[in-house]
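Q: Attaching a single structure in structure tokens format; questions to follow.
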Amino acid sequence: MTQDEVIIIKIGGSSITNKATEETLNQDAIDWFAKLISASVHKSFLFSDKEEQQEKEDYDGKKKPKFVVVHGAGSFGHHSAKRYGLQCGKAALLKSNGGSLSPTAADETCSSSSSSSVQKRKRFQMEALSKTRHSVQKLNAAMVGTLLDHGVNACNISPGVSLPGMRAYGSSTNNKTNQGSDAAMDLLCESINQALDAGLLPVIHGDACLLDDNHAGILGGDTLVEGLVSSEKMKDNVHKVIFISDIAGVFTSDPKINKDARLIRSLKVDVTTGEVTIDNNDDDDNVANEMDVSGSSHAHDVTGGLKAKLCSAVTAVQCGKEVVIAKCCSTSAEKYIQ
């Protein structure tokens, strides 16, 4: 690995929060993650008094990487988004097939087409955006603060309304040709690259964002990862993408619902079509050659759960990146990050 190569770590909101209870941290998991990053990141990203503790890098020949951290919202943001009926922007775009984007929940609140009703509907949407964004930024502050406690020069990069033209589906336009859609994501990548060059570890969060000029939506962490690995501004430097989840990886079905679900240790991705199949070399002959890939089993999840994660992982593989999915606080996650 060269010094310029980057590992993107997407840690799910379910791993770092108690998703069932609004705005509740899983501080043990956050501490585990921050300690692991501190021990694994290139020494240029550490406090000056921490650098001496990383002298191992100088004699074992292993070059430590740069990290970009993307985290989900968990119980910070998802509850608010659910209350207001905010959709995952990427899902809304796919559902519309590139056409008009218009969330139904807010429209039902004010169904009249009069000018006053349109304005009321817009205010409802902006209330949803501002409250959801405020919630998820509390989690982001906790993540950055804990990394600082462990001697990492971490900094927040908030992707939502901070970037001109950014929309909740991760791009700047919603037309079928996708023309100009990379502009906002490229701006995000430029901010990330600037931080990395300065020795700052970027911590980015899934966010509430404009869906169009009058509606809000959710810019999920998995959508952000897709954009980062695809952007011309970053993709050549990204070496690996690691998804840290609250389960041990991909199963034949949701293990929280189906006790007979089996862990799939390896998946194959057709880089041309994006089709995902179970690797026939899986060392467990009892794993069925099928998967039930659906959304999240968490009642408040608005970003698509495993299905969204796999879509993001497929994009990363198609861009030539190694992809790993591991469980939070596991030795497997530690092995792949270190």
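Values quoted throughout were computed directly from the atomic coordinates according to the rules given, and no laboratory measurement underlies them. Since the model is a prediction, treat every value here as computed from it, not as a measurement. For neighbour counting, all protein chains shown are included, and Cβ atoms are generated from backbone atoms with ideal geometry for every residue, glycine included.
Q: Return the lysines within reach of residue 256: Cα separation strictly under 18 angstrom, same-chain partners fewer than 8 residues apart disregarded; answer none if there are no such residues.
A: 19, 307, 309, 327
Q: With +1 on the Cβ of every Lys and Arg and -1 on the Cβ of every Asp and Glu, and nothing else charged, how large is the dipole of segment 222-272 about its Cα centre, in debye rounded to the nearest 20? Present the calculation step by step, with values, prior to reporting the outcome.
A: Details: 8 positive and 8 negative charges, 49 e Å.
For segment 222-272, the charge dipole is close to 240 debye.
Q: Holding the Cα-Cα limit at 26 Å, pick out from 90/131; 138/240; 122/233; 10/82 the pairs that are longer than that. Don't jump to the answer; show the numbers that get you there.
A: Numbers: 90/131 20 Å; 138/240 28 Å; 122/233 34 Å; 10/82 22 Å.
In this structure, 138/240; 122/233 exceed 26 Å between Cα atoms.
Q: Could I have the simple spin-label model distance between residue 126 and residue 338, label points 7 Å from Cα toward Cβ, reported in nm to one decimal?
A: In this crude label model, residue 126 to residue 338 measures out at 5.1 nm.
Q: Given Cβ point charges of +1 (Lys, Arg) and -1 (Asp, Glu) and nothing else, what value in debye, to the nearest 20, does the dipole of segment 177-259 about its Cα centre take? Show your work: numbers first, answer last.
A: Values: 5 positive and 13 negative charges, 97 e Å.
Rounded to the nearest 20 debye, it is 460 debye.
Q: Here is a further query. Is the shape of segment 181-252 best called rounded, prolate or oblate, per the rule: a/c under 1.5 gives rounded, else a/b larger than b/c gives prolate, else oblate, with a ≥ b ≥ c the square roots of the Cα gyration tensor eigenvalues?
A: On the way: a/c = 1.76, a/b = 1.03, b/c = 1.70.
Since a/c reaches 1.5 but b/c is at least a/b, the shape of segment 181-252 is classed as oblate.
Q: Also: What does the highest-first list of 231-242, 264-275, 7-18, 182-193 look like by mean Cβ count within 10 Å? Mind dumping the intermediate values first?
A: Working: 231-242: 18.1, 264-275: 13.5, 7-18: 25.1, 182-193: 19.7.
Top of the packing list down: 7-18, 182-193, 231-242, 264-275.
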